[in-house]
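Below is one structure, written out as structure tokens, with a few remarks after it.
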Amino acid sequence: MTYAFEAEGLVKRYGKTTALAGIDLAARQGTVLGVLGPNGAGKTTAVRILATLLRPDGGRASVAGFDVVKQAAKVRRVIGLTGQYASVDEDLTGVQNLVLIGQLLNLRTGDAKARAAELLRQFDLTEAGGRPAKTYSGGMRRRLDLAASLVGRPDVIYLDEPTTGLDPAKRDDIWNVVRTLVSEGVTVLLTTQYLEEADALADDISVIDHGRVIAHGTPASLKRVVGGQTILVRPLDPERVADAAGILAEVSGTRPESPSRGVVTVPVEDDRAFTEVVRRLDHAGVSVAELSLRLPSLDEVFFTLTGKHTEDKEAEDAA
């Protein structure tokens, strides 16, 4: 199989600290690889190696068939990078930032201006394009930074926690941009601490902890690591919660749990139990405000793999 980018056994050390301990990463063309993990897991280090900004101490990596160490200049021609923090020139306007990058990429001035206008429209920054970037809000700078990484129409783009600090609406905008890029054949490496972001965008996910890949697979396959599915019932009448719980217990053979007031859940092996629960609730006259069959969340997967939720890991690493 041919990969848009591939890393094998990457190792990176900083003195006595091992940031990467032999990780493997790869993505097919036109897909999103989500790299998931807490702060300090090694996500950014891996991105910087794939972007030719760091040399690995061991292992190898290639992008579009070019070795990131031996053919770094060729790699840079086919990639775009949005780091964790906006890196635009605050004294230049939005237009000037994008035109400058276009010129550095050897675009003619007219083509650079046209590309800048196109990207400003795409990121809802047209009205702000003539203002210095230092007058932008944090979210606007983030969007300008992402636009800058797309000026050269890269084949592969690295998004290192691209939605950090954005409100939910602007986060959705970035998600839509990523989906559009992928539909056009661009390959995306997305690092994130937002589990719902990886779930929404990634075709495959690699979970990194302490510089190692501890799990890899599709979002659905990783969720199966936890095992089975869960039926959730929220009766319309709170007085019928006990009745719903009894039905879930009979169908599953497992004692239901109540994760929140008025809700009962139970794990099941397959979706056949769900059909039986629906039938029995109807027969018993238990109307529901909510009824669902779901796989575990990625947060539950992370907890299963590491013994900690992502928030716990971040607090531990910060300490």
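The values are calculated or read from the model by the stated rules, or taken from the named source; none is laboratory data. In this text the structure is predicted, and so the values were computed from the model without any measurement. Note that we place each Cβ from the backbone using ideal geometry, even for glycine, and neighbour counts take in every protein chain shown. Protein only, heavy atoms only, side chains kept; ligands, DNA and RNA dropped before computing areas. Shrake-Rupley method; radii C 1.70, N 1.55, O 1.52, S 1.80 Å.
Going by what's in this entry, would Thr310 be described as at pLDDT 90 or above and polar (S, T, N, Q)?
Working: at pLDDT 90 or above: no; polar (S, T, N, Q): yes.
No.
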In the range 18-70, which residues are polar (S, T, N, Q) and part of a loop (DSSP other than H, G, I, E, B)? Gln29, Thr31, Asn39, Thr52
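Would you check which residues across the range 267-304 are of a type in the set (Lys, Arg) and not in a helix (DSSP H, G or I) and list them? Lay out the reasoning, then the answer.
First pass over the range 267-304, keeping only residues of a type in the set (Lys, Arg): 272, 279-280, 294.
Correct list: Arg294 only.
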If a residue counts only when it is within 30 Å of Arg60 (Cα to Cα) and open to solvent by less than 60 Å² (accessible area, probe 1.4 Å), which helices (runs of 4 or more DSSP H) contained entirely in the range 72-125 have at least 1 such residues? 72-77, 94-104
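Name the residue that is farthest from Phe5 (Cα to Cα), counting only residues in the range 161-192 that are of a type in the set (Ser, Thr, Tyr) and assigned to a strand (DSSP E or B). Talk me through it step by step, then tell me what you get.
Of the residues in the range 161-192, the ones of a type in the set (Ser, Thr, Tyr) are 163-164, 180, 183, 187, 191-192.
If we keep only those that are assigned to a strand (DSSP E or B) too, we end up with 187, 191-192.
Details: Thr187: 9, Thr191: 15, Thr192: 18 Å.
The selected residue is Thr192.
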Within the range 220-266, how many residues are among the aliphatic types (A, V, I, L, M), assigned to a loop (DSSP other than H, G, I, E, B), under 28 Å from Leu195 (Cα atoms) and modelled with pLDDT of 90 or more? 1
Cross-chain or 6+ apart pairs with Cβ under 6 Å, the range 26-52 first and open to solvent by less than 10 Å² (accessible area, probe 1.4 Å), then among the polar types (S, T, N, Q) and in a helix (DSSP H, G or I): Pro38/Thr310
Can you confirm whether the range 139-148 contains a residue that is open to solvent by 10 Å² or more (accessible area, probe 1.4 Å) and in contact with a Gly (Cβ under 6 Å, 6 or more places away or on another chain)? no
